[in-house]
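I have placed the structure first, in the form of structure tokens, so that the comments after it can refer back to it.
The values are calculated or read from the model by the stated rules, or taken from the named source; none is laboratory data. Since this is a predicted model, take the numbers as computed values, not measurements. Ideal geometry is used to build each Cβ from the backbone, glycine not excepted, and the neighbour counts take in all protein chains shown. Only protein heavy atoms, including side chains, enter the accessible area calculation; ligands, DNA and RNA are left aside. Shrake-Rupley method; radii C 1.70, N 1.55, O 1.52, S 1.80 Å.
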Amino acid sequence: MSEKVTAPREKKGWMWFFLSVLVCVAAAAFCIRLFYGDRFPTGSRLGGLLCGGMKTEDVSLLLAETVEKKTVILSGGEGEEICTLPLSEAVGTADYAALAAAALKSSSGPDYPLSFAVESETLLPLLEERLFGGDYVEQQPRDAEIVLDEDGAHIVPEEPGNLYLPEAFAAALSQALAAGVDLSGDAIRVTVPNERTMPALLSDDPLLRKQLADIQRWTDKSVDIFFLPGLEHTLTPGEIAAMLDIDCHDRGADVAVNEEKFRAEMDRLIEELGADGPMAKYGRCAGTRQYLYLPAEDTGFPLDREALYEAVLAALRGEGGSVEAGYDYTAWLRARYGWMGDLHDCLEISIDNQYIWFYRNGLLLTECPVVTGDLATNSITRKGIFQIYGMVTDTNLKGPTWDDHVDYWMPFDGDIGIHDSSWRDEYGGDIYRENGSHGCVNTPLESMGIIYDNSFYGLLVIVR
């Protein structure tokens, strides 16, 4: 009795089928590799450049063309552009074919990085030429320093100058090229944080700040000097600084007043504001002009300069404060006329300006145009220093050819005085040359009433 065996034949059929499939797959893979073996995968990029489906030699050409067009911009730590150079000069004789082939063999796709290995020593001569060539003018770095000017004491910050460090540029560029370059943008930008030789002394130096504080304790004091009403002055930080000797050392700054400088600065202020001289200026708080000028001969309004010097010095050496200048307003009156007077209360009459000003307690109570003595008939109003010696209301002034009623009458020079004049409609100007008074000072009624109501016997009258 015989038995059929069929299983081995069935197994051999399946085996041949699988072998056939494997041969087909291997053949297909071989064909694909034969066609695509040196091409970049679809959608891949190298250094930011789209190169999918391209052969390595085509990518090599693309890299060379793109690098030739790109620029490297080197910027400082503050963001300012310092120099530029072609990327092709920076990378030198790079092997673009090798770069493309190496990228394709790597497994970092589809965005393949592009790096250039360039030693900083190779870049150094190129960067030295770029940094220091052409119209380069060397500017040394400048240390921060304390400066005294019209604003007092302050620190002028350091200035780095343009003594660049080519080694720093070379190292930064070498590192940037090795870290990977993106060629898709307009330029390759590299920042060099420490690009210049820095000054030795910076503005935030603790000792410099301590020295500044020691100086500003003097220059920032408030010292007010009161000369005359309306003539006050506060010493500026610059004026105080001009009076000082300053010695900076490793513990701070020693500051002291230089008396020669101090007196020179004070004399300048007294000349400008002190109203102390042969043509004395008496300042007012209000009015049509700032000063009342008086020909005080050689005496002027004596200002006690030594006392003023000492008072201002004490304020400077202390905590500041207010200082009032000392004057003797009556010295020139005593010297010339032998009697006392007070310019805080006075009537001032200007013949040339045909104008009167009336002051009480240093303040202007009223001012107005007037008419003085007639020049055509030689009935002049005499210039000089006088006093009011009479005060009468509702009276008549009589003369050879006149008998005029006035509401107020205040004589100061014999029969000459100040009074209202209802017969006049106009005052001031050139009226006094052809149609002036008989010598008196004709004054509008409104101002005359203010003058009379606030005057007193002995009031100073200055006619000039």
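At-a-glance table
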quantity: Matching residues in region 427-454 - criterion: being part of a loop (DSSP other than H, G, I, E, B) and open to solvent by less than 90 Å² (accessible area, probe 1.4 Å); calculated: TYR427, GLY428, GLY429, GLY436, GLY439, CYS440, PRO444, ASN454
quantity: Number of the exception - LYS210 against (1) open to solvent by 60 Å² or more (accessible area, probe 1.4 Å); (2) under 19 Å from VAL67 (Cα atoms); (3) assigned to a helix (DSSP H, G or I); (4) not aromatic (Phe, Trp, Tyr); calculated: (2)
quantity: Top-ranked residue in region 126-136 [being outside any helix (DSSP H, G or I) and either among the charged types (D, E, K, R) or without any contact (Cβ under 8 Å) to a residue 24 or more places away in the chain (or both); ranked as farthest from THR84 (Cα to Cα)]; calculated: ASP135
quantity: ASP151 being under 36 Å from the mean Cα position of the chain (by Cα) and surrounded by 14 or more Cβ atoms within 10 Å (Cβ to Cβ); calculated: no
quantity: Any hit, region 127-142, residues being surrounded by fewer than 18 Cβ atoms within 10 Å (Cβ to Cβ), touching a helix residue (DSSP H, G or I) at 6+ places or on another chain (Cβ under 9 Å), modelled with pLDDT of 95 or more and not hydroxyl-bearing (Ser, Thr, Tyr); calculated: no
quantity: Qualifying residue in region 359-367 (condition: surrounded by 20 or more Cβ atoms within 10 Å (Cβ to Cβ) and of a type outside the set (Gly, Ala, Ser)); calculated: yes
quantity: Qualifying position, being modelled with pLDDT of 95 or more and under 30 Å from GLU434 (Cα atoms), among THR366, THR372; calculated: THR372
quantity: Any hit, region 305-322, residues being at pLDDT 90 or above and among the basic types (Lys, Arg); calculated: yes
quantity: Complete set of residues in region 56-113 that are assigned to a strand (DSSP E or B), β-branched (Val, Ile, Thr) and modelled with pLDDT under 95; calculated: ILE82, THR84
quantity: Number of positions in region 236-269 that are over 26 Å from the mean Cα position of the chain (by Cα), free of Cβ contacts under 8 Å to residues at least 40 places away in the same chain and under 22 Å from PHE226 (Cβ atoms); calculated: 2
quantity: Meets criteria (at pLDDT 95 or above and within 54 Å of the chain's Cα centre (by Cα)) for SER447; calculated: yes
quantity: Test set (1) under 30 Å from THR234 (Cα atoms); (2) of a type outside the set (S, T, N, Q); (3) surrounded by 15 or more Cβ atoms within 10 Å (Cβ to Cβ) - ALA171 fails condition number; calculated: (1)
